[in-house]
Amino acid sequence: MCKKYIALLALFLCVSVAQAELEHITVQQLSVLMKQGVTVIDIRTPEEWQQTGIIDGSHPIMFFDQKGKPHIEQWMQKTDDLIDPGQAVVLICRSGNRTTSVGTFLSNQLGFKKVYSVKGGIKSWLKAGHKTQRFE
């Protein structure tokens, strides 16, 4: 599955995300979805994970590096056994911008049925008083 979608993702990331059909959720909604067992993927960089920590139970899998370059093939390989187009997935980043791009691709190009992006990202999670676990 990974390699045949790399070119599509590269092309898609160059296109406006105005057509996004993913759902933007609050941190309160994220808490509910996590209790329901929905997979949460943190797409930030390792440096960002070290700065703020990660949400307990989330999967830290970098999508864009510090320079904004997507690591599409690596990300797809790491998530191939973790997420399925028929199941819901939550994406989180620092502020919600990167997850909008990735979530739109998953939804529009790969046919994921339920893709959620956390409004305000990890910044909103922390601002609401939620804890993170240390990333090592």
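The values are calculated or read from the model by the stated rules, or taken from the named source; none is laboratory data. Keep in mind that what you see is a predicted model, and the values were worked out from it rather than measured. All Cβ positions, even for glycine, are placed from backbone atoms using ideal geometry, and neighbour counts span all protein chains on display.
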Taking the condition free of Cβ contacts under 8 Å to residues at least 40 places away in the same chain, under 19 Å from GLU136 (Cβ atoms), outside any strand (DSSP E or B) and of a type in the set (Lys, Arg), does LYS113 pass? no
Taking the conditions exactly as written (small (Gly, Ala, Ser) and not in a helix (DSSP H, G or I)), does GLY103 satisfy them or not? no
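One line per residue, one yes/no per condition, for (1) surrounded by fewer than 19 Cβ atoms within 10 Å (Cβ to Cβ); (2) small (Gly, Ala, Ser):
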{"residue": "VAL40", "(1), (2)": "no, no"}
{"residue": "GLN51", "(1), (2)": "yes, no"}
{"residue": "GLU73", "(1), (2)": "yes, no"}
{"residue": "ASP84", "(1), (2)": "yes, no"}
{"residue": "PHE105", "(1), (2)": "no, no"}
{"residue": "GLY111", "(1), (2)": "yes, yes"}
{"residue": "THR132", "(1), (2)": "yes, no"}
Pair list, Cβ under 8 Å, 6 or more apart: the range 30-42 residue among the charged types (D, E, K, R), other residue at pLDDT 95 or above and in a helix (DSSP H, G or I): ASP42/TRP49; ASP42/ILE122
If you go through the range 1-32, how many residues are over 17 Å from PRO85 (Cα atoms) and either among the hydrophobic types (A, V, I, L, M, F, W, C) or at pLDDT 50 or above (or both)? 18
List the number of the failed condition for MET62; all other conditions in (1) assigned to a loop (DSSP other than H, G, I, E, B); (2) aliphatic (A, V, I, L, M); (3) at pLDDT below 95 hold. (3)
Say we look at the range 65-95 and pick out the residues that are of a type in the set (Lys, Arg) and part of a loop (DSSP other than H, G, I, E, B); which of these is nearest to the chain's Cα centre (by Cα)? ARG94
